[in-house]
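Notes to accompany the following structure.
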Amino acid sequence: MSGSRLGALVCATVSTPDLRASVAAYQRFLGYEPRHEGTLPGDVANTLAGPAATGAPVAVLGPASGGTPAIRLIETPNAPSFIPGRSFGWNALEIVVQDVDALQGELAGSPFEVVGEARDLDFAKGALRAMQARGPGGEILVFTQINRPVPGYDLPVAASKVDRIFAAIQGCPELDRTREFFANKFFAEAGPEFETAIVTVNEAFGLDRPTKHRITTIALPGQGFIELDQYPDEAVRRQPVPGYPMPGIAAVAFEVDSLDNFQLYWLGEILSRAEPPYLGRRHVTFYGGSGELIELIERG
């Protein structure tokens with residue numbers, strides 16, 4: 001992370017066909033609290049590659065601990081071709097929790113469909129225990145209980161039952177090229193590469209559950225990470241409903257010192273808006289190395 005221009009994870013934007021139902025699910029079952037409700041301004045819709053979503057209902061929620069990152073939910077039409085976990089780009093958000101087994105029981109019959117039951121992660125030797133669930137908008141959420149420190153990783157401690165996002169997980173067509181993209185554009189160096197089974201990927205592609213995939217992580221300030229997963233050859237580029245943001249996890253936002261430090265092809269103009277997650281700061285978006293939408297927000 002030394003020398004990296006990429007700052008803390010700020011917000012993840014999730015498309016959902018029913019905003020009210022999604023907000024209710026996050027509040028009731030995850031204990032998330034509302035931080036902003038309104039409609040999506042046209043200029044922000046344009047930066048999310050979704051001009052047709054101008055005026056769409058939007059809500060920003062965060063954990064009861066009061067921390068960030070937040071989740072921004074935007075109501076968009078259902079995308080019939082979208083199958084969670086089968087396309088490149090942002091595919092999952094990892095959230096730190098206090099008791100993953102208890103949460104798994106509480107999610108039974110909820111809008112969060114458990115797709116990977118709680119288990120100790122093989123590479124962490126009992127330090128991490130996680131489960132996977134599919135949210136109301138098709139977003140994959142990985143709920144992780146951190147039992148003890150993991151050498152080489154600065155991990156957060158949950159201050160509420162379901163606390164904050166600490167990792168954004170991306171499916172890559174070519175892991176090496178995506179890793180080079182973050183190194184070249186942000187001077188963000190990835191850590192060691194290893195192989196592990198990814199339950200949601202194996203389910204999405206009909207692979208045996210023990211099938212392993214190459215992954216690596218990029219450490220961020222504030223005990224956050226980007227995880228890069230090498231996806232199977234059968235993965236495809238995600239297709240939105242024309243004019244709307246990507247289905248599932250549409251974008252992920254990170255802090256930077258100054259947008260003036262970058263020479264990138266912005267998607268729309270640099271904006272400054274008062275509502276969360278921007279809080280009056282300048283922000284802009286662009287496409288990353290796997291077709292994912294990255295949002296940059298200047299530090300206050």
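Every number in this text was worked out from the coordinates using simple rules, so none of it is lab data. Remember, predicted model here, so these are calculated numbers, not experimental data. So basically every Cβ, Gly included, is an ideal-geometry build from the backbone, and we count neighbours across all protein chains shown.
Helix content alone sets the calculated 222 nm mean residue ellipticity of the chain: runs of n ≥ 4 DSSP H residues at -39500 (n - 2.57) each, divided across all residues, give -4000 deg cm²/dmol. DSSP finds beta bridges in region 88-154, and of those with both partners inside it, around 70 percent are antiparallel. Across the chain, C-alpha contacts under 8 Å between residues 6 or more apart give a mean separation that, scaled by the residue count, equals a relative contact order of 25 percent. Counting only DSSP beta bridges with both residues in region 9-298, tell me the antiparallel percent, nearest 5. For region 9-298, the DSSP antiparallel bridge percentage is about 70. Counting other Cβ atoms within 10 Å as a rough exposure proxy, the listed residues R20, R86 run R20, R86 from fewest neighbours to most.
Residues whose amide H comes within less than 5 Å of that of T39, counting only those at least five positions distant or on another chain, are V58 (H built at 1.01 Å from N in the peptide plane). For the pair region 22-36 / region 206-230, the C-alpha centres are spaced 26 Å from each other.
Simple point charges give the picture: +1 on the Cβ of Lys and Arg, -1 on the Cβ of Asp and Glu, and for region 1-126 a dipole about the Cα centre of about 360 debye. Judged by the ratio a/c of the largest to the smallest principal axis of the C-alpha gyration tensor, region 31-172 counts as prolate, that ratio being 1.5 or greater while a/b is larger than b/c. Roughly how far apart, in whole Å, are the Cα centres of region 257-278 and region 168-192? Distance between centres, Cα-based: 21 Å. If both residues of a DSSP beta bridge must be in region 3-146, then about 65% of such bridges are antiparallel.
Each Cα pair under 8 Å and six or more residues apart adds its sequence gap; the mean of these over the residue count of region 85-221 is a relative contact order of 27 percent.
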